[in-house]
Each structure stands twice: as structure tokens, then as C-alpha cells.
1. Can you tell me which residue among 51, 21 is surrounded by 15 or more Cβ atoms within 10 Å (Cβ to Cβ) and either part of a helix (DSSP H, G or I) or in contact (Cβ under 8 Å) with a residue 40 or more places away in the chain (or both)?
2. Mind checking which residues of the stretch 60-90 are assigned to a helix (DSSP H, G or I) and surrounded by 11 or more Cβ atoms within 10 Å (Cβ to Cβ)?
3. Which condition from (1) touching a residue at least 40 places away in the same chain (Cβ under 8 Å); (2) at positive phi; (3) not aromatic (Phe, Trp, Tyr) is the one that residue 67 breaks?
4. Report every pair of residues separated by at least 6 positions or lying on different chains whose Cβ atoms are under 9 Å apart, first residue within the stretch 91-112 and under 24 Å from residue 27 (Cα atoms), second among the aromatic types (Phe, Trp, Tyr) and modelled with pLDDT of 95 or more.
5. Report, by residue number, each residue of the stretch 33-47 that is crowded, with 17+ Cβ neighbours inside 10 Å and under 21 Å from residue 80 (Cβ atoms).
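The values are calculated or read from the model by the stated rules, or taken from the named source; none is laboratory data. Since the model is a prediction, treat every value here as computed from it, not as a measurement. Don't worry about glycine lacking a Cβ; one is built from the backbone with ideal geometry, like all the others, and counts go over all protein chains shown.
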Amino acid sequence: MNDLCPTGFVSDCPARLAVEIMTDKWAIVTLWALHRRPSRHGELVSAIGGISRKVLTQTLRRLQNYGLVAHDSDYRLTDLGRTLIEPITVLTAWSVRHGAAVTDFQEAAATA
């Protein structure tokens, strides 16, 4: 166990909030799309690719409810939202380094 979650991943562990945010399919992509500059809804749809307008709206609302995104004429990261860019960068670097190994394992498991 550690100091952050002395009893493991129980319901009141702060790490569960981070996992909840990070496992939303479109949250990380949306935060990343906003990290360089504020954007309008249509710009985000184009920048992200593969996301419907409805799902983007739902994702942005969730991120606003977490205090990670603000909206006036454009959507932008809040100071709190900007704190997630470093962990997203670390996870992206991990994916670049180890993504092929994960894919190889998945392919081997599928043929076994």
C-alpha cells in the first residue's frame, strides 16, 4: 500500500478519480486537442477525428464538470486541466515505446 491509498483502490481513493477521467474514451484526446490553444466545437471535431458532435458535447460537459475545461466563445483548458498534459505526455511516450510489444502480444494471443 502507499500513502495516497493506504487501503488499496477503495472507493475513496483519490487515484480512482484520475482513472475515471483517463479511461473516458474521448477525454484524453479532447484535453490534448485543447492543450495548444482554445478551440471552437467544430474545430475540435475536425482536430480529433472520429468523434461525433454529440459525443464531443458530452465529453466537453464532463470535462467542464471536473473543472478541467472552461467555455466562453471557445473551449479552453483551465489551470487544473493543464496539469493533466504532463501525465498524458508520459502515457503517450509509454505507448510509443511499448505499443508494438502490446500489439505483438495481442496478435500472438489471438493466434494461440
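1. Within the list 51, 21, the selection yields 21.
2. Hits for the stretch 60-90 are 60, 61, 62, 63, 64, 80, 81, 82, 85, 87, 88, 89.
3. (1)
4. Once the first residue is under 24 Å from residue 27 (Cα atoms) and sits in the stretch 91-112, its partners that are among the aromatic types (Phe, Trp, Tyr) and modelled with pLDDT of 95 or more give 92/32.
5. 33, 34, 39, 44
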